[in-house]
Amino acid sequence: MDPLSELAARLRQARHVLVLTGAGVSAESGIATFRDAQTGLWARYRAEDLATPEGFRRDPALVWRWYQARRAQIAAAAPNPAHHALAALAAQTRLSLVTQNVDDLHQRAGSPAVICLHGAIMRSICSVTRLPISAQWLAAHPGEPPPSPHHAQGLARPGVVWFGENLPQEALDLAEAAARDCDLVLAVGTSALVYPAAGLPELAKRQGACFAEINLEATPLTRRADIVLRQPAGVALPALLAAAWPPEHAA
């Protein structure tokens, strides 16, 4: 049996599917990875300047402008066939969707209850309290960055997890609980280099789940995979959905 047919059969039989998505899925919508986006004006800056609490304390205006540019890029992008296939998959089976991506493309494609391990770039939070800041407040209080409504010394910052920061505990707890419970786990478009996200497929596999990897290139997790599809997510996921639940033919 070819890998796609084997995975489709596993998908049909699965009781609970965990999908972990990474930067490769967003890249198919034209969203550059963090490193790729450091071109032109931004090429002279290090990750430490743009994506750490220390960098924000040193130059909050620089960091705010960088993330505003990233937000504009994401707002101009559209969900691709991989995003839409995962939204459709949620209607066919019990699905836990965990993403390392900070964009909102899964949600815009219609996926419910996305577990965002690394935060959400389109949200703003207080740099001191971490409480959310509304778009209405930001519009009424311009600045680079605007002040926080929650603390006198606070500033608005993007709601993402920076280097050196802990993942949101609730999201991590939900992801690990899904990994312990699922019987099929798919790692899609992730380099499997960033932990603890990269540990979720291994956790699921230790509990007896089948592990499939969908990626254009091999990763550190490839040797642990039971099934491997070397295709773009935007090709593999719609094909997998159609193979598992073939559309009805017109009479």
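The values are calculated or read from the model by the stated rules, or taken from the named source; none is laboratory data. These numbers come from a predicted model, not from an experiment. FYI the Cβ positions are ideal-geometry reconstructions off the backbone, even for glycines, and counts take in every protein chain you see.
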Notebook entry, point to check: Here are some residues: Ser127, Ser111, Ser96. Which one is farther than 21 Å from Pro201 by Cβ, in contact with a helix residue (DSSP H, G or I) (Cβ under 9 Å, 6 or more places away or on another chain), buried (at least 20 other Cβ atoms within 10 Å of the Cβ) and not hydrophobic (A, V, I, L, M, F, W, C)?
Noted result: Ser127
Margin query: Can you tell me how many residues within segment 142-160 are closer than 24 Å to Ser96 by Cα and either surrounded by fewer than 18 Cβ atoms within 10 Å (Cβ to Cβ) or more than 25 Å from the chain's Cα centre (by Cα) (or both)?
Written below: 0
Notebook entry, point to check: Does Pro132 qualify as being more than 21 Å from Gly22 (Cβ to Cβ), at pLDDT below 95 and not assigned by TED's automatic domain parsing to the domain that holds Ile227?
Noted result: no
Check: Just one of Val63, Val19 is in the same structural domain as Ser148 (by TED's automatic domain parsing), modelled with pLDDT of 95 or more, aliphatic (A, V, I, L, M) and crowded, with 20+ Cβ neighbours inside 10 Å; which is it?
Finding: Val63
Checklist line | Criterion violated by Pro81 - all others in (1) buried (at least 16 other Cβ atoms within 10 Å of the Cβ); (2) closer than 22 Å to Tyr195 by Cα; (3) within 16 Å of the chain's Cα centre (by Cα) satisfied | finding: (2)
Notebook entry, point to check: Are any of the residues in segment 104-127 of a type in the set (Asp, Glu) and more than 24 Å from Pro149 (Cα to Cα)?
Noted result: yes
Next item on the list: Run Asn101 past the list (1) under 25 Å from Leu241 (Cα atoms); (2) surrounded by fewer than 19 Cβ atoms within 10 Å (Cβ to Cβ); (3) not hydroxyl-bearing (Ser, Thr, Tyr) and report the number of the one that doesn't hold.
Entry: (2)
Check: out of contact with any helix residue (DSSP H, G or I) (no Cβ under 8 Å at 6 or more places or on another chain) and either more than 20 Å from Leu4 (Cβ to Cβ) or in the same structural domain as Val98 (by TED's automatic domain parsing) (or both): does that describe Glu217?
Finding: yes
Next item on the list: Would you mind stating whether Ala242 is in a helix (DSSP H, G or I), out of contact with any strand residue (DSSP E or B) (no Cβ under 9 Å at 6 or more places or on another chain) and modelled with pLDDT of 95 or more?
Entry: yes
Check: Going through segment 211-230 one residue at a time, which ones are out of contact with any Asp or Glu (no Cβ under 8 Å at 6 or more places or on another chain) and crowded, with 16+ Cβ neighbours inside 10 Å?
Finding: Glu213, Ile214, Asn215, Asp226
Next item on the list: Among what's in segment 174-206 and is in a strand (DSSP E or B) and within 14 Å of the chain's Cα centre (by Cα), pick the residue that is surrounded by the fewest Cβ atoms within 10 Å (Cβ to Cβ).
Entry: Val188
